[in-house]
Each structure stands twice: as C-alpha cells, then as structure tokens.
Amino acid sequence: MILILNPDTDKNSAEYRRLMDHLNNLPEIQVRVHDEVGAQRTLTEIYLIGDTLPLALNDMNSLPCVERAVRVTEEYRVLGRHKDDNRPTYFDYNGVRFSQDTLNVFAGLCAVDTREHVEIMMKALRDNGQVCTRMGAYKPRTNPYSFQGHGKNCLPYVFELAGKYGIRVIAMEITHDSHVDEIRAALQQTGNPTGVMLQIGTRNTQNFELLKAVGRQREFPVLLKRGFGITLEESLNAAEYLASEGNRNVVFGLRGMKTNVGDPHRNFVDFAHVPVVKRLTRMPVCIDPSHSVGSRDRAPDGILDVQHVTAQGVIAGANMILVDFHPAPHKALVDGPQALTLEELPYFLEDVRIAREAYEKRRALAQGAASKKTAA
Ligand code: PEP
Ligand code: MN
C-alpha cells in the first residue's frame, strides 16, 4: 500500500509524528519513506510493505497528513500504474521533460571514437534543433578483443562539446558503478555544461548490484534497456529495483529480443510493447530502432527498415528514440553498419514528426470516441 501525503508535509510536525508512530506499530509491516523534491514542492510517499490486506483504505485515508491511500495490487509498487493512482508520469532533468506524453530524440554515436566526430555530430544536432544525444564511452562488447570504448578519457571533451552546442542530456551506458563517479567527476571538472542519462544495457538488465548502486543515486536519471532474452515482467522488475532504491526517474527502453525468429533483423523488434509498458507502469518508454534492426536495409518503398520500425514505435506512443548516427559510418569503431548518416538526420526527424502527428491524431480520435460513449 502507498500513502501519498499532503504536499509539503512538515516532518517535524506533531501530525507527522503521530502518523509515523501509528505506522511503526502496525504488526508485520515495514515502512519506507520516499521524498520527491520538486522545484515547487516536496511530495512524500510512504510505502507499507508486508501483509497490508487487513488495513482498511478508509482508516488509512483518515490518518493525519495522508492525502490518499492507494492499494498496490501489481508487482511494480513504485513504478507501476495502480488503480486510482494519479501520480505523475513525468520527470524533468536539466530542462528536458521525460513523460508518457512527450517525445525526445537521442540521435548520436553508438561509441565515441574521435573528438572530431563528436563535434561534427553535436553541431549537426544543434543545427537540427536537437538538445539530446547518445554517446557511448563504456562499451560492453561480445568479443573481448573488440574496441571497449574510450572510457573516462573522452568524457571531458564530450561534455565540453555538448555544452558548446547546447546539448542538455547525453544518454551514456555504464557497465560498473565506478563509471557513475567518473561521469560525475568529469562533469564537475568541466563546469557541468550538460546532463547525463545513465544507460543500463541489455546485457546488464539483471545485474542487480549495478541496479541497486545506480538506484541509490538520484542525481542522474536512468535509461534501462529491456533484457534481450528475458520476459517483459522480469525487465520491469529490474526497473523497479532502481526505483525501490530511491531513483524513480527511469525510462524503459525496448531494443528488440534475441531470437532468430526476427531474422534478418539483428533482433526481433518488440515495439508492440510500447503501449503495454505505458499501461503497466508510469515510465516513459524509449525505442532503440538501431540495435533492433542492426542494418541499413531498405524496403522496396525506399524507406530504411530502421525508419520503418521507428515510425511503428512512435505511432504507438513511444516517448524517446535512441538511434545511432555517425558522420562516417565506415569509420565507426562500433555498429557502423546500422548507423544513419548526418545527411539523413533532417529526413529522419521529419519522418518521426509525421509518425508523431499520426499518433496524436489517433489519441484524439480514441479520446473523442470515449467521451461520446460516456455522453450517450
Ligand atoms: C547501445 O545502446 O549502445 C547498446 C549496446 O544497446 P543494448 O544494450 O540494447 O545492446
Ligand atoms: Mn551499439
């Protein structure tokens, strides 16, 4: 059960103490307090863990400081969408809103290779009105002899260039919790010119110690990729690990599943799960068409498979697109064959705009149909 307290509840007040005394005396119930500190106000939620069935909602609603009690029926206590649960489905980070209603494009390098390529990429993004990107510094590779990324050495120039070109958020995969410290240090060293969304890759979706460590920090939001060989439920539970440790600024990423059923695509595209994740949880949903498709193959209609699946995800309501671009794909050290070129960037963005507009029209149509039904 979740108790949502009145906004700006004073923790030193007699009412709050009375509430906590009452809760701490409930038999077999563990009490966990979570504060969400916003620009305008602080929201406090109290999680009651254990056998909460005997607790009557009415009684809990009438406790001091309690605005609303929500019975949690699903597994994903913090990130899940529960009945009568109108908690927000968004967060703001470094001036960018991430929600189940917005759409942010993170086009960029799968892996940072040279400073020159980073600069060309960032400039193209700025020239096309973009404020987010992807830049891999720590690359988990299947083959131990493959390029593993430049790691912390490239961070200062990546962050400086991001600042120079007005990039506000960089999605960057980390594979170890020490990488969070390296990113924090490099940001400080360069005067915090940009922000970072920590990415947990599909190979680490169930690396629980990494999830716990990343969940304990609240400075950086997290993009959690779905595990490529596990169920959706298992991946959503992985996201809940982050939130249960305190960080609920989590975006859930679909990136295709490992099964030869999807051949000749690199992975079986799973973007039909965009609306499913939005129904089950309050997380914004990201799609990664590059790692799903894995090539620059084109359909007879002239449209790249990467763009076809992007449009499919966007028309189903995706909130973020993580997509590989490269100024010279043949020179890329990682995933060159699936990268789009900078000449394709405006075309890609226009294609996304068309799909998004179609989604918005579809949503308005559904809402119109629903209100007609209630009026009848
Ligand atoms: C990536 O986004 O660079 C990546 C390696 O993705 P995934 O973890 O989905 O394979
Ligand atoms: Mn890649």
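From the list Ser244, Ser235, which one is buried (at least 19 other Cβ atoms within 10 Å of the Cβ), within 14 Å of ligand 1 (Cβ to nearest atom) and polar (S, T, N, Q)?
Ser235
For the stretch 334-350, give me each residue that is away from ligand 1 (no atom under 12 Å from the Cβ), open to solvent by 10 Å² or more (accessible area, probe 1.4 Å) and not in a helix (DSSP H, G or I).
Listed by number, the list holds a single entry, Thr341.
Yes or no, residue by residue, for (1) open to solvent by less than 50 Å² (accessible area, probe 1.4 Å); (2) not aliphatic (A, V, I, L, M):
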| residue | (1), (2) |
| --- | --- |
| Asp263 | no, yes |
| Arg266 | no, yes |
| Val269 | yes, no |
| Val277 | yes, no |
| Asp288 | yes, yes |
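Mind telling me which of the residues Arg363, Arg296, Arg353 ends up being open to solvent by 30 Å² or more (accessible area, probe 1.4 Å), within 16 Å of ligand 2 (Cβ to nearest atom), at pLDDT 95 or above and among the charged types (D, E, K, R)?
Exactly one of Arg363, Arg296, Arg353 is open to solvent by 30 Å² or more (accessible area, probe 1.4 Å), within 16 Å of ligand 2 (Cβ to nearest atom), at pLDDT 95 or above and among the charged types (D, E, K, R), namely Arg296.
One line per residue, one yes/no per condition, for (1) of a type outside the set (Lys, Arg); (2) within 20 Å of the chain's Cα centre (by Cα); (3) outside any helix (DSSP H, G or I):
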{"position": "Ala137", "(1), (2), (3)": "yes, yes, yes"}
{"position": "Pro140", "(1), (2), (3)": "yes, yes, yes"}
{"position": "Asn143", "(1), (2), (3)": "yes, no, yes"}
{"position": "Asn153", "(1), (2), (3)": "yes, no, no"}
{"position": "Tyr157", "(1), (2), (3)": "yes, no, no"}
{"position": "Ile167", "(1), (2), (3)": "yes, yes, yes"}
{"position": "Ile170", "(1), (2), (3)": "yes, yes, yes"}
{"position": "Ala185", "(1), (2), (3)": "yes, no, no"}
{"position": "Gln188", "(1), (2), (3)": "yes, no, no"}
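Among the residues of the stretch 147-177, write down those that are open to solvent by 30 Å² or more (accessible area, probe 1.4 Å) and either touching a Leu at 6+ places or on another chain (Cβ under 7 Å) or within 16 Å of ligand 1 (Cβ to nearest atom) (or both).
Phe147, Gln148, His150, Thr175, His176, Asp177
If we only count strands (runs of 3 or more DSSP E) wholly inside the stretch 21-72, which ones have 2 or more residues that are in contact with a Leu (Cβ under 9 Å, 6 or more places away or on another chain) and under 14 Å from Lys11 (Cβ atoms)?
Because the criterion is at least 2 residues that are in contact with a Leu (Cβ under 9 Å, 6 or more places away or on another chain) and under 14 Å from Lys11 (Cβ atoms), the strands (runs of 3 or more DSSP E) in the stretch 21-72 that meet it are 29-37, 42-50.
Regarding the stretch 304-324, can at least one residue be identified that is within 24 Å of Gly201 (Cβ to Cβ), within 16 Å of ligand 2 (Cβ to nearest atom), in contact with a Leu (Cβ under 8 Å, 6 or more places away or on another chain) and open to solvent by 10 Å² or more (accessible area, probe 1.4 Å)?
no
Within the stretch 196-232, which residues are open to solvent by less than 20 Å² (accessible area, probe 1.4 Å), more than 24 Å from Asp92 (Cα to Cα) and in contact with a helix residue (DSSP H, G or I) (Cβ under 6 Å, 6 or more places away or on another chain)?
The answer is Gly227, and nothing else.
So which residues in the stretch 24-44 are surrounded by 13 or more Cβ atoms within 10 Å (Cβ to Cβ) and more than 33 Å from the chain's Cα centre (by Cα), if there are any at all?
Leu26, the sole residue that qualifies.
The values are calculated or read from the model by the stated rules, or taken from the named source; none is laboratory data. Since the structure is predicted, the reported quantities are computational estimates derived from the model, not experimental observations. As a convention, Cβ positions derive from the backbone with ideal geometry for all residues, glycine included, and neighbour counts pool all protein chains shown. Note: accessible area is taken over every heavy atom of the protein model, side chains too, but ligands, DNA and RNA are not part of it. Shrake-Rupley method; radii C 1.70, N 1.55, O 1.52, S 1.80 Å.
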